[in-house]
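K.L.:
Quick one: structure below, then a few questions.
The values are calculated or read from the model by the stated rules, or taken from the named source; none is laboratory data. Please read all numbers here as calculations on a predicted model, not as lab measurements. Please note: Cβ atoms are built from the backbone with ideal geometry, for glycine as well, and neighbour counts cover all protein chains shown.
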Amino acid sequence: GAGVSQSPSNKVTEKGKDVELRCDPISGHTALYWYRQSLGQGLEFLIYFQGNSAPDKSGLPSDRFSAERTGGSVSTLTIQRTQQEDSAVYLCASSRDFRSSYNEQFFGPGTRLTVL
Amino acid sequence: AQTVTQSQPEMSVQEAETVTLSCTYDTSENNYYLFWYKQPPSRQMILVIRQEAYKQQNATENRFSVNFQKAAKSFSLKISDSQLGDTAMYFCAFSGSARQLTFGSGTQLTVLP
């Protein structure tokens with residue numbers, strides 16, 4: 001595709017439910033990132049996938065958050081037992097080659113998650 | 001850990017005028033990259049300009065230029081001939097040995113007609 005796509009665009013869920021957010025990176029990009037944008041915390045790094053290596057999960061706020069990337073392409077961010085503080089915009093980005101020190105990241109339009 | 005600070009939560013500028021957005025950062029790394037991203041109401045983050053820390057020459061992209069002061073750890077963005085379409089949230093970001101971006105808190109820029 002032409003750019004990074006994310007689905008759904010908006011998601012409303014009830015406290016305690018699980019949600020899955022999807023990211024389709026730019027074709028051929030080997031690195032994929034998830035960020036969270038919330039009013040109180042600004043833009044925070046969550047997790048980073050680099051080629052076939054183990055992901056960098058250092059930004060995940062709790063064990064309720066997990067992510068996977070299948071076949072080196074599509075990624076799914078899963079939030080279990082959602083809480084109201086999980087309400088935020090979740091942004092996905094991809095870059096051509098994680099080994100490149102240039103590292104321009106291209107962002108998707110985000111998924112706005114609202115936990116009632 | 002790296003930190004990025006944007007001390008101007010909001011700014012406004014008249015159309016066709018020039019405005020400068022400030023950014024400071026803190027790092028112990030010597031090789032890194034700095035970026036300015038723009039986020040309009042559509043939420044789409046768009047790269048405006050980038051600067052490699054090893055380059056002394058300030059980056060320019062059309063109406064956008066930076067003033068990079070490595071010793072002072074300062075990285076300001078100048079927008080010349082401001083246009084209504086420049087209205088957006090602007091984020092300063094850092095990328096070093098850890099590939100993920102560390103963002104500042106953002107500056108909401110409004111261009112007034």
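K.L.:
Pick from B:Gln57, B:Gln83, B:Gln100: which is of a type in the set (S, T, N, Q) and within 25 Å of A:Ala93 (Cα to Cα)?
P.N.:
Of B:Gln57, B:Gln83, B:Gln100, the one residue that is of a type in the set (S, T, N, Q) and within 25 Å of A:Ala93 (Cα to Cα) is B:Gln100.
K.L.:
Separate question: Out of all the residues in the stretch B:24-40, is one or more surrounded by fewer than 17 Cβ atoms within 10 Å (Cβ to Cβ), in contact (Cβ under 8 Å) with a residue 40 or more places away in the chain, more than 10 Å from the chain's Cα centre (by Cα) and under 27 Å from B:Val111 (Cβ atoms)?
P.N.:
yes
K.L.:
Which members of the stretch B:78-108 meet the condition of being assigned to a strand (DSSP E or B), away from chain A (no Cβ under 14 Å) and either of a type in the set (Lys, Arg) or out of contact with any helix residue (DSSP H, G or I) (no Cβ under 8 Å at 6 or more places or on another chain) (or both)?
P.N.:
Correct list: B:Lys78 only.
K.L.:
For the stretch B:59-69, which positions are modelled with pLDDT under 95 and either surrounded by 15 or more Cβ atoms within 10 Å (Cβ to Cβ) or of a type in the set (A, V, I, L, M, F, W, C) (or both)?
P.N.:
Answer for the stretch B:59-69, where residues must be modelled with pLDDT under 95 and either surrounded by 15 or more Cβ atoms within 10 Å (Cβ to Cβ) or of a type in the set (A, V, I, L, M, F, W, C) (or both): just B:Ala59.
K.L.:
Moving on. When you go through A:Arg69, A:Arg64 one by one, which is the residue that is touching a strand residue (DSSP E or B) at 6+ places or on another chain (Cβ under 8 Å) and either under 20 Å from B:Arg99 (Cβ atoms) or in contact (Cβ under 8 Å) with a residue 60 or more places away in the chain (or both)?
P.N.:
Within the list A:Arg69, A:Arg64, the selection yields A:Arg69.
K.L.:
Go through the stretch B:3-66 and tell me which strands (runs of 3 or more DSSP E), entirely inside it, have 2 or more residues that are aromatic (Phe, Trp, Tyr) and under 30 Å from A:Asn10 (Cα atoms).
P.N.:
B:33-39
K.L.:
When only residues in the stretch A:1-46 that are within 16 Å of B:Ile46 (Cα to Cα) and among the polar types (S, T, N, Q) count, which is surrounded by the fewest Cβ atoms within 10 Å (Cβ to Cβ)?
P.N.:
The residue in question is A:Ser5.
K.L.:
Taking B:Ala53, is it modelled with pLDDT under 95 and of a type in the set (A, V, I, L, M)?
P.N.:
yes
K.L.:
Next question. What are the residues in the stretch B:65-113 that are among the aromatic types (Phe, Trp, Tyr) and either within 17 Å of B:Thr20 (Cα to Cα) or free of Cβ contacts under 8 Å to residues at least 24 places away in the same chain (or both), if any?
P.N.:
Matches in the stretch B:65-113: B:Phe68, B:Phe75, B:Tyr90, B:Phe91.
K.L.:
I would also like to ask the following. Could you check, for the stretch A:72-87, whether at least one of its residues is within 14 Å of another protein chain (Cβ to nearest Cβ) and under 21 Å from B:Tyr37 (Cβ atoms)?
P.N.:
no
K.L.:
Another one. Hey, among the residues in the stretch A:72-81 that are out of contact with any strand residue (DSSP E or B) (no Cβ under 7 Å at 6 or more places or on another chain) and assigned to a loop (DSSP other than H, G, I, E, B), which one's surrounded by the most Cβ atoms within 10 Å (Cβ to Cβ)?
P.N.:
Step by step, filter the stretch A:72-81, then rank; the result is A:Ser73.
K.L.:
Restricting attention to the stretch B:67-77, and to residues there that are of a type outside the set (Gly, Ala, Ser) and either in a loop (DSSP other than H, G, I, E, B) or in contact with a helix residue (DSSP H, G or I) (Cβ under 6 Å, 6 or more places away or on another chain) (or both), which single residue is nearest to the other protein chains (Cβ to nearest Cβ)?
P.N.:
For the stretch B:67-77, the residue satisfying everything is B:Lys70.
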